[in-house]
Amino acid sequence: MIDIEAEHVDAFQGAARTQGLPDTPMARSGGGGLHVYVEPLGLGTRRLMLGGVHVGELKGSGGVVVPPSATTGHYEWFRAPSEVGIAGAPRWLRALVGGSRPVEQRPVGRLSPSRAVALVAGLYRVVAEAAEGERNGLLFWAACRVADHGVDRAAATDILLSAALRAGLPEREARATIASGLAR
């Protein structure tokens, strides 16, 4: 996923208009930035440099927040995964990563109880509202976020299972997906 910081969205969009951007999911982040979802490049998390300026990051490890989550603000889809598949990154976009150094990853760790509740509530919404074809992937992603943040696994499992059942996943399949994400 390409994460462009809010103050650099205009410059990035200018480059995208000139060079072309694939038909791929895109979202506005809670802070007004831009998320462009592309196929993994296998590079880990890297800085993106545009004209010698650090404009954002390629998120290749760790988690990302997706709509309809809310952190510093509400995340909104411009182009949802239910509307278009994830495309490969064009050469010019891959070049923004070229030669950049990896971003140091902060250990995630435990959240305060109120932040844990907010996280799990957001994950519930994402899973419960997932479209067919996206449900398992989003459920796995949600379970990984629970594991990353040290949220109580038993409580989170119950909540994620409830969301998965609401989304229409069979219970056995949902339990296996959650267990797999928590074990990651």
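Each reported figure results from applying straightforward, stated rules to the coordinates on display, with no laboratory input. On a predicted model such as this, the values are computed, not experimentally measured, just so you know. Heads up, the Cβs are rebuilt from the backbone with ideal geometry, glycines too, and the neighbour counts pull from every protein chain shown.
Quick look at the values:
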| item | result |
| --- | --- |
| Most fluctuating residue given options Arg172, Arg47, Arg94, as computed from a GNM of the chain linking Cα atoms under 10 Å | Arg172 |
| At q = 0.08, 0.11, 0.15 Å⁻¹, base-10 log of I(q)/I(0) for the chain (Debye sum, equal scatterers on each alpha carbon) | -0.27, -0.50, -0.91 |
| The stretch 113-183 - charge dipole about Cα centre, Lys and Arg +1 at Cβ, Asp and Glu -1, debye rounded to 20 | 120 debye |
| Theoretical ellipticity at 222 nm over the chain - DSSP helices of four or more residues, -39500 (n - 2.57) apiece, nearest 500 | -13000 deg cm²/dmol |
| Cα long-axis angle, helix 9-19 against the chain (0 to 90 degrees, to the nearest 10) | 70 degrees |
| Candidates Arg28, Arg135, Arg115, ranked by Gaussian network fluctuation over the chain, Cα under 10 Å, top entry | Arg115 |
| P(r) tail fraction, the stretch 113-183 - alpha-carbon pairs more than 19 Å apart, % | 19 percent |
| Estimated dipole of the chain in Debye, rounded to 20 [Cβ of Lys and Arg +1, of Asp and Glu -1, Cα centre] | 400 debye |
| Degrees, to the nearest 10: 171-183 long Cα axis against longest axis of the chain | 60 degrees |
